[in-house]
Structure formats: structure tokens, C-alpha cells
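Have a look at the structure below before the remarks.
The values are calculated or read from the model by the stated rules, or taken from the named source; none is laboratory data. Keep in mind the model is a prediction, meaning the values are calculated, not measured. Cβ: placed from backbone, ideal geometry, glycine included. Neighbour counts: every protein chain shown. Heads up: the accessible areas ignore ligands, DNA and RNA and are worked out on the full protein's heavy atoms, side chains in. Shrake-Rupley method; radii C 1.70, N 1.55, O 1.52, S 1.80 Å.
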Amino acid sequence: EGEGNDGEFDGLAFESTVEGIRAPVAARLGELVVRDAKLAKHLEALRSYHLLGRGDFFQSFFEEAASLLAPPPRANTAEADAAAPFAAAALKSSAFDDPLLPRFRLRFVPPGGVSDEGNGAGAGGSSQKRGPNVRVPSYDGWDGLELEYDTPWPLGLLLTRSVQRRYNHMFQYLFRLRRAALALDDAWFALRRKSASGGGGGARRTTTPGSFTSGHGVKGFGGDGAFQLCQRVRHDMAFVVNNWFTYLQVDVVEAQYRAMIERVEASEGDFSECQRAHRAFLAALTAQSFLDLPSVSDVIETIMRLAGNLLAVVKSLPSEGVEEGVGEETAGEIEAIGAEFSRQSAALYTVLRSNRLANDPKAPFLRTLLLRLNFNGYFFDNAAKTLSGHDAGGSDAPSVRSSTSSMKSFRSGWGEAIPPMPSLSLKREI
């Protein structure tokens, strides 16, 4: 109380007193965390490794760990097994001279295990709940892998265990999605090799998803028909998975990271402002990655697992290709994978175009994602046909260019029609 205010609480004076205490403390913490501890370098390291920003390092890791990640993990040795390719990747990439890399190490939490943060982290089963309103899609038995960061003092004031858990949400999401994309790349390589060895290379093929043409029907049980169906299903899956991954890394991680760094630099060393900028960054990653929408996570999980199933089927195809022919059971598996992928794509389309999301704060970012998925009209066209009862797996591949009249109703509410863009090649050069 002060004199002359009749015993009433003076809110303005109280706020001024609190701010007078907070400002010098925040400035001192800012000196310790931002300047002395070099916060920007540690944030860059988290982006490089937790958010897969150092692409050459992870490409080397996946190449080194290919044989390790193919079979299920051995719970007792999985962590040590993964450490070897992690170290080898550092020697073969730009991470070789990174002084902060030794602070990162892979950990493996087996099914039913508990991570350092105290939350359950089962590696198997369906989508994993990893915090309030967050669900990370599952892929296979190696889902227990997570990345641990040895945080030096005083950065622990900002990079708490809760914060590292949120970084691990994104690491596991991007890591699993990247593995699914690599599985589809491996399927493409195997199909090319087997098709060439079987003399099936005469049919014209393109690299645009859903646009393969051939003199053979894709539903035939002959070798060429099965190979053509595998090619088409694989390319359609790669189209969705690669564009989804690109959206996450470019439109979400990179864009939000740059925005955060700009706020940190503009804070002039104010710890409170740096903390707010970092929290906003993590919140944006979760929201714009749709990890808080279980329906989206469920669809992405199914698509990733279908990618793994397709690779297994492709590897089982005869090396003689067209000459050998494919059994009815194998052809049925291929058709089932293609049909399920069409259903899941239609489900994803339905969720992304729902009125709930159209009126959600995520809407601007959703438009960016939809532009990537539907840059040539194929994604919406295929989903519309599936929802209309057409069997996408049993007909010839639809044209990647959908007509304006057929898609007008699906583009309503999202501004002007999306202009056509050049087709992107998803083929990896060998």
C-alpha cells in the first residue's frame, strides 16, 4: 500500500515494480544464455539433427544403417547397433567437424519402456501418444529410436526436458517419414532392375505419378501387368510421401526456424523474449505438422506402412520379370495395397478439405500443403474418383491434368484455381 491511495491496490505501480525486477534479470539471463552460451549455434544444431536439417548426414546414416533397419531391432542391443552407423555417417558428411555433434546420441526405448521424460514410448502398435494432443505416426519396430541432446549449462533453462521431448516428436515424425520415402526409392530401384533383366523395358514409362502407359492392362496377373501396377502404385505413394516430407521440412521447419531466429536476434538479449520466440516455434511445428490431429496421423501412418509393404512385395517379385509371370496371390497383394492407398488418399483429402480445418487458424498453412499435393490436379482428381466409387486400382491410371470443370467444386472456398505447374520428377538417379 502507498500513502494517498486510501488502501486501494495500485495495479500500475505493482506492474512497474515487477517489470523493474524482471528486466535486469532477463537481461542477465540473456547475457548468459544468448551471448555467452551461444544459443543460436545450439538452436542450429537442434535444427540440423532433431529436425533432419543436415540432409547429407542423414542420407549417409540411412545408407550405413540400411541392413540394420531392415529387420526388427534387438531390444538389448538396438541402441549400440544404431550408434555405429551414426558415428560412420559423421565421418562421411559435413557433420565431421561439427563441435556440437558429440552432444547428440541415439537412444532406443523398447515397447512399453519409459524415456527420460517419464512418458511411455512404446515402439510398436498404433500411433503413439507423445504428450497432450500429440500423436506421432508409427512405422515399424524401430519407432523406439529417439535423439538425446546433452544440454550444457545454462541452456537447460531454455532447453528443458519438456522442450526436448517436443523436439523428439518432430525427429521421430520426420525420421519415419524419411524411411518410408527411402523404402519407395528402394522399390523403384528394384523394379527397374528386375524389369530390365526380364526384358520388360520396352514399354514407355514416365516419372509423373499416375501417368504410366503400356500395352498391357495393369490388372493382368502376367509379369508385365504386375510390374506396371507396382510402378504406378509406387509412384502415387512417392508423390504423396515426398511432397508431405517437403512441406514439413521447407514450409514448416525452415520457415518457422527463420522466423524464430529473427525474433531472437531482435530481442537484444532479452531472455524472456527468446523464450517466447522458442515456444512459439515449437507450437508452430506441432500445429502446422498436424500432429495434433489424430485423423491425419492415422492416415499418414497407414500410408507409411503401405510403403513398407509394397517394398516387401517388390522384393518378392521374380528377377526374370515379364518372362516369369507373377502368381495370383502376389498380384492380389499388389492390388490390395493400391486399393488401400487410394482409400487412404481419399480419407486424407476429406480431412484436409473439411469445414473444420477451413475455418481453423491452420488454414493458411493448409493451403500451402494442398498446393504441394495438388499442384497438377491429380491428388484431388484421384480422391474424387475414389470417393465416387471408382476403383482406382482397377482402371488405367488417370491423367495428371484434371479438367477445370471437374475440379471446380473441389477448389471452391480456397481462392482462385491453382495454376498448373511443371511436373516434378520423383525418380532418384542411380
>> open to solvent by less than 60 Å² (accessible area, probe 1.4 Å) and at positive phi: is that true of Leu43 in this structure?
In response: no
> Just one of the numbered conditions (1) assigned to a helix (DSSP H, G or I); (2) modelled with pLDDT under 85 is not true of Leu191; which one?
Replying inline: (2)
>> Conditions first: (1) at pLDDT 90 or above; (2) closer than 27 Å to Leu39 by Cα; (3) open to solvent by 10 Å² or more (accessible area, probe 1.4 Å). Leu306 passes all but one, so which condition is the exception?
In response: (2)
>> List pairs: first residue in the range 66-85 and part of a helix (DSSP H, G or I), second residue surrounded by 12 or more Cβ atoms within 10 Å (Cβ to Cβ) and aliphatic (A, V, I, L, M) anywhere in the structure, Cβ distance under 6 angstrom, at least six positions apart or on different chains.
In response: Asp81/Leu68; Ala82/Leu106; Pro85/Ala65
